[in-house]
1. Tell me which of these B:Arg323 doesn't satisfy, since it passes every other one: (1) in contact (Cβ under 8 Å) with a residue 60 or more places away in the chain; (2) more than 9 Å from every other protein chain (Cβ to nearest Cβ); (3) open to solvent by 20 Å² or more (accessible area, probe 1.4 Å).
2. I'm trying to understand the selection: among the residues of region A:96-137, which are within 28 Å of the chain's Cα centre (by Cα) and of a type in the set (Lys, Arg)?
3. Just to be sure before I move on: is A:Asn185 open to solvent by 30 Å² or more (accessible area, probe 1.4 Å), at negative phi and at the interface with chain B (Cβ under 8 Å from one of its Cβ atoms) in the structure I sent?
4. Looking at region B:98-120, which of the residues that are at pLDDT 95 or above and in a loop (DSSP other than H, G, I, E, B) is most open to solvent (accessible area, probe 1.4 Å)?
5. Show the residue pairs that are 6+ apart or on different chains and have beta-carbon atoms under 7 Å apart, the first residue being within region B:125-137 and acidic (Asp, Glu), the second being open to solvent by less than 40 Å² (accessible area, probe 1.4 Å).
6. Which residue, of A:Gly195, A:Gly257, A:Gly246, is more than 12 Å from chain B (Cβ to nearest Cβ), under 23 Å from A:Leu279 (Cβ atoms) and within 16 Å of ligand 1 (Cβ to nearest atom)?
7. Where residues in region A:260-273 are open to solvent by 10 Å² or more (accessible area, probe 1.4 Å) and within 14 Å of another protein chain (Cβ to nearest Cβ), which of them is farthest from B:Ala221 (Cα to Cα)?
Amino acid sequence: MFKILQKTFKVGVATADYPGIAPQLAEQFRGCPEFDFDAWSDARPAAEACPTGAIAFRDRDGVRLVTVDYGRCIFCGECEAASAASAVQASAVQASATQINPVRMSQNFELAAADRRDLVLTAEYTLHPDGRHAELKSATSGPSAEEPGKRIEAAIHNLLGRSLSIRQVDAGSCNGCEQEIVALNNPVHDIERFGIHFVASPRHADMLLVTGPVTRNMELALRKTWAATPDPKVVVAVGACGISGGIFGTNYASLGGVDAVIPVDVYVPGCPPRPEALLYGILLALGQVRQRPGSLSRR
Amino acid sequence: MTTLLKELRERFPEQVCSVEESVPGQFTVLLNGPDATAIARHLLTGRQARLATVFAEDRVSAEGVFYNYYLFDRPGDPAWVLLKAPIPAGHPSFPSLAAELPGVNWAEREIQDWFGLEAAGHPNPRRVALHDNWPDVHPLRKDFPLDTVLPPFEGERHVYRPAHGEGVFHIPVGPVHAGIIEPGHFDFAVAGEPILYLQLRMFYTHKGTEKLFERLPIPRAVFLAESISGDSAFSHATAFCQAIERAAEIEVPARAQFLRTILLELERIANHISDAGAIANDVGFMIANAHAGRVREMVLRLCETLTGSRVLRGMVAIGGVRRDWQRTQVEAIEKTLEVVEHEFRDLVAIIRSSNSTRDRLERTGILRPEKASMLGIVGVAGRASGVDLDVRRDHPYEVYRHLTFSVPVYQAGDVRHRLLVRIDEVSESIQIIRATVAHLPDGPHCAPAQPIPPGRCALSAVEGWRGEIIHWVRTGDGNRLERCKVKDPSINNWPAIVEAVEGNIVADFPVINKSFNLSYSGTDR
Ligand code: SF4
Ligand code: SF4
């Protein structure tokens, strides 16, 4: 026992202080890609390279509609690489000087959103005859970081003095998301400092934290778990797979995202979402439910 | 190897059609019919070979037949032997080996489910991969489209083997479990406290992965390989890339091989550390788990520095790795390892200092060596029960052929020794990484991208942290695959849990289960 005490004293406080202070990210950490829609001259190479179809486009009557869905994105960086390669080719032809890549990986991971549509960006372009973009007609922006930030403060405030019980449900994941959910409980991320506990039974849970894709074989179990969770309950869909089916999409064995089966309150992008991203989404969901107590009866 | 192949030809002239070295070190023995039993028996008993896996392929539209593949290796021989047995489309049946070789029980039933080929004479021919509520479909047949919409799920219909006798009852658990773990169903038959037997039902997380491999362009399929089993993302994706590289004869630059080796070992270290903590946790030693979680975080941060991802995603690529390392990144490896080595030693000391922990782990969940080798158990679980297998040494890849390292093997086969194997391996992995870093060559980090030629087959094996991962591919037109077979070590090892829990009390099940820590997603795909 002496050894243990010794160790505990030596280590001291290991806990990171997110979201109070910004997390320590490695310089190399890849968050979501960001897009300079004005400067983007061709979405095709990025769409071609994207493994999950998060970047897609449709050409009609000389107009291209490009969509970027963070709910499918696995933060792989292939769009950035493909875009850089095509920009280099183009600049060689035009002999222009330094070309900045319009698709760049950022360190942003605070992407959780209550509205699935907030995870989708769109841009509309008129086209050159060779298929490259001529002019940007319109674009929508992504989830704004500001507003959720405030909500999270409200959530933490609401939590003070009470506790939240989470039941985790793996509805078909690759177990990558579970790795990071487990990490939430280690001393570094220490989710218990918010009074948030993982519980064994849905009957004791306020929140279901669900990973996906929802497989055909887990659909019934997920429905039953949801039904066994007392109202009011919050459902958080975790990871590209939990949001949209991710790289698996929908197929004979996969029903896609969690909201294909039960109503979802907050979506947390990532593959897997890092622990801080999960925490952000969980706190957002709390703010959500406190602010809009009617959110469940809506459905 | 050549003498063995000659011998097969001479002893079985009727059955062996041809022998070819399809890829260096991989010999394909084409048989003239579906019956592989005589040759398999000869290899197993006469030549001490091991049957690593059995799988099938639908070649009906191309060649008019299905194929069954039986993959063997032999101690001391780095070559693989793949028996290839054609099965006529008009008579889709093959003789089962499961009665004499229980290790292929599930693999043969998977073939029944996926392809509709009957394993004739199988002692328990029920469905295993497709649950009983599935319609009569065979998803890996070429005439079954990936996007087939099946009628909705109507509830469970599986019948478990009943338990009889006074005081004997069943405890059903799952598919949703109490902790943060993957879904599966366990049916315990107990007599008072002790477990009489355990029946397992897996494939709850089946998501069409092998079928999906046939649709994605090969470069994108690398990301699917990362999602077979998230805790082994790098090992599975490396196995996949190696299979493609061998099929397409792509030379991986030396620097890339070194980088891959380092990352493979970091994946092992991260998982072994968390398992050590989790095993302690399951016998009530929470402080040890907290320390393990902290040390693991150090490793994950290093992983992020090296790949941009805490769990090593988006790094490995066909031909090498996606990103090269700067000097500072390489220095981070050395610095972190020094701290991790020290902290891990403390963690082990903490675990060792607790006599009550030792009591709970010792003689709990015993898997005897005879059983382990008979059931074909691999990886950590095998090595704790006398099965001396390690792909890194037996079929070396990347930099392992140039490295010397020891492979810990114990005979006791209890939870404690599965923990000890992990502890020993963390130290070995740290030494492997140090040796690899010390000789890190300069040069390109990836071979130039190139289209993959069609019609090539190759396999690859990687020692993931859990054990032997195998991928087998057949390339097709348009930079796509015709087939990708994925074998996670978990598939070999479920029978080990069934064996190890017998006679133990239900309260010890969590720690026994954790000491194997198998991947449900890797099993179910
Ligand atoms: S980072 Fe996201 S959008 Fe870009 S290629 Fe990868 S999955 Fe697609
Ligand atoms: S989002 Fe990524 S890590 Fe999570 S289950 Fe899907 S593939 Fe695995």
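The values are calculated or read from the model by the stated rules, or taken from the named source; none is laboratory data. Being a predicted model, the structure only gives us computed values, none of them experimental. Methodologically, a virtual Cβ is constructed for each residue, glycine included, from the backbone with ideal geometry; neighbour enumeration extends over all protein chains shown. For accessibility, only protein heavy atoms count, side chains too; no ligands or nucleic acids. Shrake-Rupley method; radii C 1.70, N 1.55, O 1.52, S 1.80 Å.
1. (2)
2. A:Arg104, A:Arg116, A:Arg117, A:Lys137
3. Judged against the criteria, A:Asn185 is a match.
4. B:Gly116
5. Final answer for the pair search is B:Asp132/B:His158.
6. When all the criteria are applied, what remains is A:Gly257.
7. Ranking the candidates gives A:Val261 first.
Matching residues to (1) open to solvent by 10 Å² or more (accessible area, probe 1.4 Å); (2) in the same structural domain as A:Asn101 (by TED's automatic domain parsing); (3) within 16 Å of ligand 2 (Cβ to nearest atom):
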{"site": "A:Pro23", "(1), (2), (3)": "yes, no, no"}
{"site": "A:Arg44", "(1), (2), (3)": "yes, yes, no"}
{"site": "A:Ala49", "(1), (2), (3)": "yes, yes, no"}
{"site": "A:Gly62", "(1), (2), (3)": "yes, yes, no"}
{"site": "A:Asp69", "(1), (2), (3)": "yes, yes, yes"}
{"site": "A:Cys73", "(1), (2), (3)": "yes, yes, yes"}
